[in-house]
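Quick notes on the structure that follows.
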Amino acid sequence: MWDNISIAVQALQSSIWEGTSIDVLRLDQLHPVVSGNKWFKLRFYLDAALRSGAGTIATFGGAYSNHLVATSYACRQAGLNSVGIVRGEAAATMSPTLEEAAEYGMQLIFVSREAYRNKTAIMQQYAHENWYWVAEGGYGAEGCKGAATILDQVHKETYTDIIASCGTGTTLAGLATAAGSAQRIIGISALKGHDGLRQGIMQLLGPSHQDKELMLDHGYHFGGYAKHPPLLIDWMNELWEAERMPTDIVYTAKLFFAVHDLVKRGMFRGNRRVLVIHSGGLQGNRSLPAGTLAF
Ligand SMILES: *Cc1c(COP(=O)(O)O)cnc(C)c1O
């Protein structure tokens with residue numbers, strides 16, 4: 001499923017980038033539903049599950065989790081069953097994302113917000129099942145290893161800066177392991193006050209990659225996870241107008257806003273060559289009223 005894929009690289013053209021060399025790796029074009037980076041993060045978990053003999057992958061997520069829908073789809077493709085432990089009661093949380101996951105065969109188990117906090121207890125509750133567990137958001141060593149293969153899609157030595165959106169930071173950790181120590185890896189947090197982000201990434205990097213130049217920026221969350229004030233929506237339409245670049249409200253709109261702001265602040269002056277990872281997630285926009293976006 002991961003062989004022979006080829007992903008477009010789009011060079012940004014508009015004058016809003018002030019002449020900065022910026023390429024975008026369009027992982028969003030990989031699949032209309034399965035968010036690009038999730039696809040990469042899952043590959044080695046699927047291998048591990050198949051090798052372990054577990055016929056089922058179980059994982060965690062919220063009602064709008066790209067990770068859940070990606071897992072459901074990837075499992076179906078790999079011939080595995082999937083179980084999603086969902087935060088919140090069913091009636092309140094049945095979203096288009098969850099409906100999609102259920103369509104791909106995911107068994108959804110709804111737990112209260114309070115119970116959801118104790119993942120260990122949930123795993124113990126289902127310990128008698130032969131399930132292979134994947135952490136929320138695909139966080140973990142296999143996810144990091146899978147995300148590292150994202151850079152196989154480009155001639156990575158070309159770039160001085162690689163920039164991506166961060167949820168758990170697993171994708172960024174993977175990019176950092178695949179990058180050289182002279183490359184700057186920049187993460188834009190989609191969450192507000194995500195204090196554990198750096199530590200979570202460093203844990204995945206392990207001792208051999210601690211020298212990587214990692215910059216985490218917490219200034220572009222727009223109020224927090226999935227918050228999308230009018231300024232962000234306007235920016236999404238502006239970016240579409242300028243580059244025909246679709247973005248999502250949760251991750252990539254904030255990422256591109258940050259790239260633009262960092263350009264204006266001179267971050268990429270001096271012949272730097274920037275690679276932006278468009279991680280996908282466009283189906284998250286379905287929660288917006290029709291007509292909000294120009295694309
Ligand atoms: C999940 C997701 C992310 C965050 O990935 P992490 O590896 O958890 O940091 C970024 N962008 C999109 C579109 C996503 O769906």
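Data overview
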read-out: Entirely in the range 115-227, the strands (runs of 3 or more DSSP E) that have 1 or more residues that are touching a residue at least 12 places away in the same chain (Cβ under 8 Å) and over 21 Å from ASP23 (Cα atoms); value: 131-134
read-out: Selection count, the range 81-111, where residues are in a strand (DSSP E or B) and either open to solvent by 40 Å² or more (accessible area, probe 1.4 Å) or among the acidic types (Asp, Glu) (or both); value: 4
read-out: Any hit, the range 23-32, residues being away from the ligand (no atom under 16 Å from the Cβ) and either at pLDDT 95 or above or within 14 Å of the chain's Cα centre (by Cα) (or both); value: yes
read-out: Criterion violated by THR158 - all others in (1) among the hydroxyl-bearing types (Ser, Thr, Tyr); (2) away from the ligand (no atom under 14 Å from the Cβ); (3) surrounded by 15 or more Cβ atoms within 10 Å (Cβ to Cβ) satisfied; value: (3)
read-out: Hits in the range 280-295 - residues which are surrounded by fewer than 18 Cβ atoms within 10 Å (Cβ to Cβ) and not hydrophobic (A, V, I, L, M, F, W, C); value: ARG286, SER287, PRO289, GLY291, THR292
read-out: Total residues in the range 28-72, condition assigned to a helix (DSSP H, G or I), more than 15 Å from THR171 (Cα to Cα) and open to solvent by 20 Å² or more (accessible area, probe 1.4 Å); value: 5
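For (1) under 26 Å from ALA176 (Cβ atoms); (2) surrounded by 17 or more Cβ atoms within 10 Å (Cβ to Cβ); (3) of a type in the set (S, T, N, Q); (4) away from the ligand (no atom under 15 Å from the Cβ), each residue gets a yes or a no:
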position: GLN203; (1), (2), (3), (4): yes, no, yes, no
position: GLU213; (1), (2), (3), (4): yes, no, no, yes
position: ARG244; (1), (2), (3), (4): no, no, no, yes
position: HIS260; (1), (2), (3), (4): yes, yes, no, yes
position: HIS278; (1), (2), (3), (4): yes, yes, no, no
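The values are calculated or read from the model by the stated rules, or taken from the named source; none is laboratory data. Because the structure is predicted, anything quoted here is derived from the model rather than measured. Every residue, glycine as well, gets a Cβ built from its backbone with ideal geometry; the counts of neighbours run over all protein chains shown. Surface areas here come from the heavy atoms of the whole protein model, side chains and all, with no ligands, DNA or RNA. Shrake-Rupley method; radii C 1.70, N 1.55, O 1.52, S 1.80 Å.
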